[in-house]
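What follows is one structure encoded as structure tokens, with my remarks underneath.
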Amino acid sequence: MRKSLLPLRFLRRFSALLSALLLALLLIGVRPVAAQTPPTDPGAYERIVKDAARRAGLFTVYSRKDKWYLEIPKAMHDRDMLWHVEAARVPADFPEGVGEELSVSLVRWSRRGDRIVVAGYDTAARKRSDDGLPQRNDPAEGSKRDPLRLSLEQSGEPVTILAFPIVAESPTGDAVIEIGDVLLTDIPDFKIGNILRIGGLNGGIIDPRRSDIGYVRAFPRNLEASVRLTYALPGTGSASFIVRHSLTLLPDTPMKPRLFDERLGYFKVDFEDYSGEKTFGVEKKAYITRYRLEKKDPGAALSEPVQPITYYISPEVPEKWRPYFKQGVEDWQVAFEAAGFKNAIVARDPPTAAEDPEWTPGDTRYSVIRWVSTPIANAMGPNIHDPRSGEILSAHILIWAQVVSLAQTWYYTMCAATDPRARVLPMPDEVTGRLLRYVIAHEVGHSLGLRHNHRASTAYTVKQLRDKAFTARHGSVASIMAYGRFNYVAQPEDKLPPESLMAQIAPYDKHVIAWGYSPIPNAGTPNEEWPTLDAWAAKAVTNPWLIWTGEDYRDIFDPRVQMQNIGAERLEATRLGLKNLERALSYLPTTAYRKGRSFAYAEKLYGGIMDAWLDLHGSTVKEIAGVQENRTLAGRGAQFQRVGRARQKAALKFLLDNALQRPTAFMPASLYANIQPFALADAVAARQNSLLNSLLSPPLATIMQDAALFNDADRYPYVEYLTDLTNGVFAEIRSGALRIDPLRRSLQRNYLRQLSDNMGEPVKDLSAMRLSLTRAGVPPYLATASNILVSDYRAAGRLVLEELSVRLRKAEATARDRETLAHLRECQVLVRRGLNAGETPVTER
């Protein structure tokens, strides 16, 4: 056996030496190829272009039969371009997908030896120096190049997304590549495969025999391609899609960016500032996204723009809704007037086929509003922007057909009491059109660069919302970017006209557009603009109509940040809203019942009313342990302010007296008799359980405990709060002859289950939990607050359960029926479960 090892070891060494020699020879042979121009067949170019259809533009496109070629001019090498990919058409049974963005990448084309490569520069674009102006180094400058910029260039290698062999050269030396085969593949970096996940599918493989290219079109600054991809799906057949690629040459001179300010609600492009000698090391900064607007007359206070922002209403939008779509776009003109622009934003019909046979709504040169005939109750307004500067290049707004039904349900729920036209379904066209106009204006706001402003929902007082003159001028919320939607605070006796019940372009919208779009002529760089921008933003310190918050983690506990609710006085606005909900419920039989038809309308409207009921009460929960944020930045007062004890206790009492009692008015027996064969109380019980989940949330304990650290005399101790809540939920057991109805029994048992579950530690490794929450974007202090071990939650829970246990035992003697007796004993089991919860020790690692 030992003799056999010597030859084997020798063979292994010889094999290794041979492999190294072959690798060296291979590398020697490859090295000169990369530096050489590949040998080309002089006749290849002529064979490709002869009899081929030719289209000149950004690149020159040639097509012959099913072959597609691109001629890449040398002048287009290493130029910044945006490659955008979207789902243009999806199978009819897909719930959504039309117009969905699959990917958008900053790319450059270049030549490497015998190949043309496409490299991705998304990461590189996020590294900047402090001059605030995105620009490229000029290689001709040689040794004069800025060392910092040179360092940034060398700090990371761009990813090679695609590589094409050069199949021919033009007489001027421009490379020709074949594009077709690549477009018919599942390009990983462009996330083409995500199109399957839109419809809930996975594991499909493109079948090239059933896939083809519809067109590749060249224009002066962009290239458009449409591709049909057919996927063979494992076990479920096949699915075909139309995928649209848009390659856009970015502006030669990037738009001057505007720095992002967290006091204004703009979408942004993030970057890292590496000019450490001027700042505090590497800083994270951002630019806002906005269209490029320039005045024809820079000296005029109000001037038309050189090029207005133009939205095309796509041909598939139903004819009767088109005027309302156009109004929704042009409603924003008044906001741009505040920025110094007249007729800055306009809506247009697209050219006819005779006027422009190649016009398509997916072309990234155009901003388009599209109508999607799938049963999705939604709309969205994304934009395509230059990642170097934040300049919005175009926007493709999608309106799904089912949004009509959703808007009508909202309007019925909130305004049937004050607008008789809402009590007819389907609603009249003038009502539905006005609702669509609101939806369009909201989505156009997103495409202009604006985020939601949920703080604007509570900017107006109840008195203002019930005032005819005020609401006619300002609408129902201080920003159309809020989710406040419609005025449910106004009562029938206020006699508000329908237009005053709806959101409109409001004070914040004018403020934010003026801040983002007003020219600052004497400022050469974004940094030089900052003092002016800071002064403009500071106006919100004294005007609550101009404040923006609502989509950051800091807003979670701010009771003024509301999504479906309006009005500054939370309890009074909720009380008035509940009155109108009751009225809407009383109109439901005459609105929804149709002789010989199903009760589907009635069931849908009742669900909408109960969802609104939950939203109203949920808005009141935020008063408890509330922390109000005043987004001022340094030097203008405190950022955070706690809600006082009296407000918190009043909110809890309101909930105990209304939401957590039996809401008889919202449980009509006549309606249940038509829409629900059993489990009649589920609609209410499920929503009450959701409120309990919020009221028993462990972070409330941490926030209430924080106040004790500062000896806050106006605080509401958590143990007192939990005692008040428990006493309210179990109020019946203090009475004599005890009979508890089924809905209250359900509420009390769910209360004890949730409290017990929260007292039991859900994870043993706190470090792992915090790490996972931090990776999800939750700040460390909130990640900690989500765990009951750092607060008085468990201690307070034990105290109130021990006290409740005594009262439950005494209450058994007063039970008037066996259902109540059984319930009281089950409650004692749940109390013991809570008292025994959380005994497993928790480790820190």
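The values are calculated or read from the model by the stated rules, or taken from the named source; none is laboratory data. Here the structure is a predicted model, which means the values were calculated and not measured. All Cβ positions, glycine included, derive from the backbone under ideal geometry; neighbour counts span all protein chains shown. Note: accessible area is taken over every heavy atom of the protein model, side chains too, but ligands, DNA and RNA are not part of it. Shrake-Rupley method; radii C 1.70, N 1.55, O 1.52, S 1.80 Å.
Listing for the model above:
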{"read-out": "Within segment 231-269, considering residues that are among the polar types (S, T, N, Q) and crowded, with 18+ Cβ neighbours inside 10 Å, the one farthest from His385 (Cα to Cα)", "value": "Ser246"}
{"read-out": "Among (1) open to solvent by less than 50 Å² (accessible area, probe 1.4 Å); (2) of a type in the set (Asp, Glu); (3) in a helix (DSSP H, G or I) - the single one Glu582 does not satisfy", "value": "(1)"}
{"read-out": "Condition broken by Trp530, with the remaining ones in (1) open to solvent by 50 Å² or more (accessible area, probe 1.4 Å); (2) assigned to a helix (DSSP H, G or I); (3) touching a helix residue (DSSP H, G or I) at 6+ places or on another chain (Cβ under 9 Å) satisfied", "value": "(3)"}
{"read-out": "Output for segment 449-487, where each listed residue is among the polar types (S, T, N, Q) and either surrounded by fewer than 20 Cβ atoms within 10 Å (Cβ to Cβ) or part of a strand (DSSP E or B) (or both)", "value": "Thr461, Gln464"}
{"read-out": "Residue satisfying all of: in segment 311-326; surrounded by fewer than 17 Cβ atoms within 10 Å (Cβ to Cβ) and in contact with a helix residue (DSSP H, G or I) (Cβ under 9 Å, 6 or more places away or on another chain); farthest from His442 (Cα to Cα) among these", "value": "Lys320"}
{"read-out": "Pairs with Cβ under 6 Å, 6+ apart, first in segment 100-119 and farther than 30 Å from Ile397 by Cα, second part of a loop (DSSP other than H, G, I, E, B)", "value": "Ser110/Asp78; Asp114/Pro38"}
{"read-out": "From the options Arg662, Arg647, Arg636, Arg687, residue that is in contact with a helix residue (DSSP H, G or I) (Cβ under 9 Å, 6 or more places away or on another chain), outside any loop (DSSP other than H, G, I, E, B), among the basic types (Lys, Arg) and touching a residue at least 60 places away in the same chain (Cβ under 8 Å)", "value": "Arg687"}
{"read-out": "Subset tally (residues that are at pLDDT 75 or above and surrounded by fewer than 17 Cβ atoms within 10 Å (Cβ to Cβ)) for segment 733-785", "value": "9"}
{"read-out": "Condition broken by Arg228, with the remaining ones in (1) assigned to a loop (DSSP other than H, G, I, E, B); (2) under 23 Å from Val61 (Cα atoms) satisfied", "value": "(1)"}
{"read-out": "Residues satisfying the stated conditions in segment 668-686, i.e. open to solvent by 30 Å² or more (accessible area, probe 1.4 Å), more than 35 Å from the chain's Cα centre (by Cα) and among the aliphatic types (A, V, I, L, M)", "value": "Ala669, Ala673, Ala679, Leu680"}
{"read-out": "Criterion: modelled with pLDDT of 85 or more and loosely packed, with under 12 Cβ neighbours inside 10 Å - qualifying residue of Lys50, Lys67, Lys3, Lys74", "value": "Lys50"}
{"read-out": "Selection from segment 252-277 of residues that are over 17 Å from the mean Cα position of the chain (by Cα) and not in a loop (DSSP other than H, G, I, E, B)", "value": "Leu259, Phe271, Glu272, Asp273"}
{"read-out": "Among the candidates Gly281, Gly299, Gly237, Gly328, residue that is closer than 30 Å to Phe94 by Cβ, of a type outside the set (Val, Ile, Thr) and without any contact (Cβ under 8 Å) to a residue 40 or more places away in the chain", "value": "Gly237"}
{"read-out": "Any chance Leu578 is within 24 Å of Phe666 (Cα to Cα) and within 28 Å of the chain's Cα centre (by Cα)", "value": "no"}
{"read-out": "Segment 165-178, subset in a loop (DSSP other than H, G, I, E, B) and touching a Lys or Arg at 6+ places or on another chain (Cβ under 9 Å), residue surrounded by the fewest Cβ atoms within 10 Å (Cβ to Cβ)", "value": "Thr172"}
{"read-out": "Boolean, Thr185 is of a type in the set (Val, Ile, Thr), closer than 20 Å to Glu86 by Cα, open to solvent by 30 Å² or more (accessible area, probe 1.4 Å) and not in a strand (DSSP E or B)", "value": "yes"}
{"read-out": "Qualifying residue in segment 702-720 (condition: in contact with a strand residue (DSSP E or B) (Cβ under 6 Å, 6 or more places away or on another chain), open to solvent by less than 10 Å² (accessible area, probe 1.4 Å) and not in a helix (DSSP H, G or I))", "value": "no"}
{"read-out": "Failed criterion for Ala651 (all others in (1) of a type outside the set (D, E, K, R); (2) modelled with pLDDT of 95 or more; (3) open to solvent by 70 Å² or more (accessible area, probe 1.4 Å) hold)", "value": "(3)"}
{"read-out": "Matching residues, segment 204-225, being more than 30 Å from Leu250 (Cα to Cα) and assigned to a strand (DSSP E or B)", "value": "Ile205, Ile206"}
{"read-out": "Residues located in segment 282-310, provided they are assigned to a loop (DSSP other than H, G, I, E, B) and surrounded by 20 or more Cβ atoms within 10 Å (Cβ to Cβ)", "value": "Thr289, Tyr291, Leu293"}
{"read-out": "Within segment 468-483, tally of residues that are touching a residue at least 24 places away in the same chain (Cβ under 8 Å) and more than 14 Å from Pro544 (Cβ to Cβ)", "value": "8"}
{"read-out": "Residue list for segment 564-578, restricted to those being basic (Lys, Arg) and crowded, with 21+ Cβ neighbours inside 10 Å", "value": "Arg570"}
{"read-out": "Condition broken by Met380, with the remaining ones in (1) in contact with a Leu (Cβ under 6 Å, 6 or more places away or on another chain); (2) under 20 Å from Ser518 (Cα atoms) satisfied", "value": "(2)"}
{"read-out": "Selection from segment 545-572 of residues that are in a helix (DSSP H, G or I), more than 27 Å from Thr413 (Cα to Cα) and modelled with pLDDT of 90 or more", "value": "Leu546"}
{"read-out": "Pick from segment 406-446, criterion without any contact (Cβ under 8 Å) to a residue 60 or more places away in the chain and small (Gly, Ala, Ser), ranking: surrounded by the fewest Cβ atoms within 10 Å (Cβ to Cβ)", "value": "Ala407"}
{"read-out": "Failed item in (1) touching a residue at least 12 places away in the same chain (Cβ under 8 Å); (2) surrounded by fewer than 18 Cβ atoms within 10 Å (Cβ to Cβ); (3) more than 24 Å from Asp419 (Cα to Cα), with Arg642 passing the rest", "value": "(2)"}
{"read-out": "Some residue of segment 194-212 being among the basic types (Lys, Arg) and surrounded by 14 or more Cβ atoms within 10 Å (Cβ to Cβ)", "value": "no"}
{"read-out": "Whichever residue in segment 166-183 is of a type outside the set (Asp, Glu) and more than 43 Å from the chain's Cα centre (by Cα) and, among such residues, is nearest to Pro208 (Cα to Cα)", "value": "Val167"}
{"read-out": "Number of positions in segment 95-123 that are surrounded by fewer than 20 Cβ atoms within 10 Å (Cβ to Cβ), of a type outside the set (Asp, Glu) and at pLDDT below 85", "value": "2"}
{"read-out": "Filtered residue count, segment 584-601, keeping only those that are at pLDDT 85 or above and hydrophobic (A, V, I, L, M, F, W, C)", "value": "3"}
